[in-house]
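Working notes, beginning with the structure itself.
The values are calculated or read from the model by the stated rules, or taken from the named source; none is laboratory data. Computed from a predicted structure; not experimentally measured. Cβ: placed from backbone, ideal geometry, glycine included. Neighbour counts: every protein chain shown. Remember, those area values only see protein heavy atoms, side chains included, never the ligands or the DNA or RNA. Shrake-Rupley method; radii C 1.70, N 1.55, O 1.52, S 1.80 Å.
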Amino acid sequence: MKKKKYLSLMVFSLLLFTPSIGHGMHIMEGFLPSKWAIFWAILSLPFLIVGLKKVNKVLKADTNKKVLLGLAGGFVFVLSALKIPSVTGSCSHPTGVGLGAILFGPTTMTVLGIVVLLFQALLLAHGGLTTLGANVFSMAVVGPLVSYGIYKLLKKENKNNSIAVFLSSALGNLMTYVITAIQLSLAFPDSVGGFTASLGKFLTVFAVTQIPLAIVEGIITVIVMNLLLEYKAEGVVDLETIQ
Amino acid sequence: MKQSNKTNLLLLFLAIVIIITPLLLKKDSEFEGADGQAEGVIEEINPEYEPWMEPLWEPPSGEIESLLFSLQVAIGAGAIGYILGTFKERKKLANNR
C-alpha cells in the first residue's frame, strides 16, 4: 500500500515537473536524420562565409554602418522571440531578417540569424545544434534572399517604397516556413503519397499559421523603415539601401 | 502630430488588431507552438522515428524559458531603443546648431 502511494506520487511529480517540449518554429534537436542535417549545413556554409566577410567589412567601416547593423540585429532578436497567436489556433514567431536584408543584403543576415538561432538552440532548447544547418538555411539564407530579391525587383519597377518593404519582409518571413515544410517533407516523405503528401501536411502546420504573422512582420518592418527614412531625410543617418 | 507619426501609429494599431483577432476568434484553442504540431505530423508519417539527439540543456521550467525569451527581447529592444535614441539626439543637436 505504501509502495503504491509512493509510486503514484512519483508519477504525479514526474508529470508535474517534466518540462514541456520547447515550443519553437524551428526544426527541433534530433528531428532531422543525420544525412539531411549535414546536407543543409553544407548548403548554408558558403552564405555564412561570404556573410562573415561582409560583417567584418561593416565592423571596420564608419560608426553609421555599425549602428545600423546593431539595429538590424536587435530587430531579429526582438521579433524572433515574440510568439504570436495565429488564426489556426497555434503560435509561431516572425523572423525579423527582412529589415537587415534590405539594408545590408542577404548574407549579412545569415550571420545575424545564426547568432539568434544559436542563442535559442543553446539556452531555450528551441531548434537545435544538429538541425542548425537546416534552420539557418530557411531563416537566415532563403528568408533574407527572398526579401532582398523582392525589394530589389520592386524598387526597379519604381514601386512605392513602403509597399516594397512590406512585401519583401512579409514574403521573406513566409518563405522561411515554406522551406521548413519542404525540409521536413524531404526527410519524412509520406509512405503513401510521398513527398507531396507530406508537404501538404507540413505546409498546413507551418505556412498557414505563418500568414498573419508574415503580415505583422511586414507592418512592423515598414514602421522601422519609416523611422529610418525620416532620420535619413534629417541627415542624421546614412542609409545605403540597395536601390 | 506629424503625418508620418500618424501613419506609424495607425500601422502599429493594425498590427495589434491582427495579433489579437485569433485570440478572440479561437477562444478554446491552446495556441501551442507550430513545431509541436509538426512533431505530431512526423509521428503520424513515421511512427518509428526517434530523435537521435536531445538538446544539451533545456530550461527547467516554463518560467525559466520565458525568462530567457524575455532576455532575448530585452537585448534586442535595448539595442533598438538606444540606437533610435541616438538618432533622435543627433537630430536635436543638428537643429540647434
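Things worth noting here:
- Of the residues making up region B:47-69, those that are surrounded by 13 or more Cβ atoms within 10 Å (Cβ to Cβ), in a helix (DSSP H, G or I) and at the interface with chain A (Cβ under 7 Å from one of its Cβ atoms) are B:Glu65, B:Leu68, B:Phe69.
- Residue within region A:48-69 that is part of a helix (DSSP H, G or I), within 9 Å of chain B (Cβ to nearest Cβ) and open to solvent by less than 70 Å² (accessible area, probe 1.4 Å) present: yes
- Qualifying residue in region A:2-23 (condition: within 12 Å of chain B (Cβ to nearest Cβ), modelled with pLDDT under 95 and crowded, with 21+ Cβ neighbours inside 10 Å): yes
- Search result, residues across region A:190-199 that are within 15 Å of B:Glu39 (Cα to Cα) and either free of Cβ contacts under 8 Å to residues at least 12 places away in the same chain or touching a strand residue (DSSP E or B) at 6+ places or on another chain (Cβ under 8 Å) (or both): A:Asp190, A:Ser198
- With respect to the conditions (1) in contact (Cβ under 8 Å) with a residue 24 or more places away in the chain; (2) crowded, with 23+ Cβ neighbours inside 10 Å, A:Lys152 lacks only one, and its number is (2).
- The residues in region A:202-243 that are within 7 Å of chain B (Cβ to nearest Cβ) and not hydrophobic (A, V, I, L, M, F, W, C) can be counted, and the count is 7.
- Scan of region A:223-243 for residues that are assigned to a helix (DSSP H, G or I) and open to solvent by 10 Å² or more (accessible area, probe 1.4 Å), ordered by number: A:Ile223, A:Val224, A:Asn226, A:Leu227, A:Leu229, A:Glu230, A:Tyr231, A:Lys232, A:Ala233
- Qualifying residue in region B:28-46 (condition: of a type in the set (A, V, I, L, M, F, W, C), part of a helix (DSSP H, G or I) and exposed (fewer than 11 other Cβ atoms within 10 Å of the Cβ)): no
- Selection of region A:104-148 for residues being among the hydroxyl-bearing types (Ser, Thr, Tyr), open to solvent by less than 10 Å² (accessible area, probe 1.4 Å) and assigned to a helix (DSSP H, G or I) yields A:Thr108, A:Thr110, A:Ser138, A:Ser147.
- Among the residues here, A:Thr95 qualifies as outside any helix (DSSP H, G or I), of a type in the set (Ser, Thr, Tyr) and out of contact with any Cys (no Cβ under 6 Å at 6 or more places or on another chain).
- Close Cβ contacts (under 6 Å, 6 or more residues apart or on different chains) running from residues in region B:12-40 that are within 7 Å of chain A (Cβ to nearest Cβ) and closer than 30 Å to A:Leu227 by Cβ to residues that are part of a loop (DSSP other than H, G, I, E, B) and open to solvent by 60 Å² or more (accessible area, probe 1.4 Å) comprise B:Pro22/A:Val87.
- Residues within region B:80-97 that are open to solvent by 50 Å² or more (accessible area, probe 1.4 Å), at pLDDT 95 or above and among the hydrophobic types (A, V, I, L, M, F, W, C), tallied: 0
- B:Ala77 being open to solvent by less than 70 Å² (accessible area, probe 1.4 Å), in contact with a Gly (Cβ under 9 Å, 6 or more places away or on another chain) and either at the interface with chain A (Cβ under 7 Å from one of its Cβ atoms) or part of a helix (DSSP H, G or I) (or both): yes
- The residue of region A:171-189 that is nearest to A:Ala207 (Cα to Cα), among those that are free of Cβ contacts under 8 Å to residues at least 24 places away in the same chain and open to solvent by 10 Å² or more (accessible area, probe 1.4 Å), is A:Ile182.
Residues checked against (1) at pLDDT 95 or above; (2) on the phi > 0 side of the Ramachandran plot; (3) out of contact with any His (no Cβ under 7 Å at 6 or more places or on another chain):
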residue: A:Val142; (1), (2), (3): yes, no, yes
residue: A:Leu153; (1), (2), (3): yes, no, yes
residue: A:Asn158; (1), (2), (3): no, yes, yes
residue: A:Gly172; (1), (2), (3): yes, no, yes
residue: A:Met175; (1), (2), (3): yes, no, yes
residue: A:Gln183; (1), (2), (3): yes, no, yes
residue: A:Lys201; (1), (2), (3): no, no, yes
residue: A:Ile220; (1), (2), (3): yes, no, yes
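- Counting the residues of region A:203-218 that are at pLDDT below 95 and of a type in the set (Gly, Ala, Ser) gives 1.
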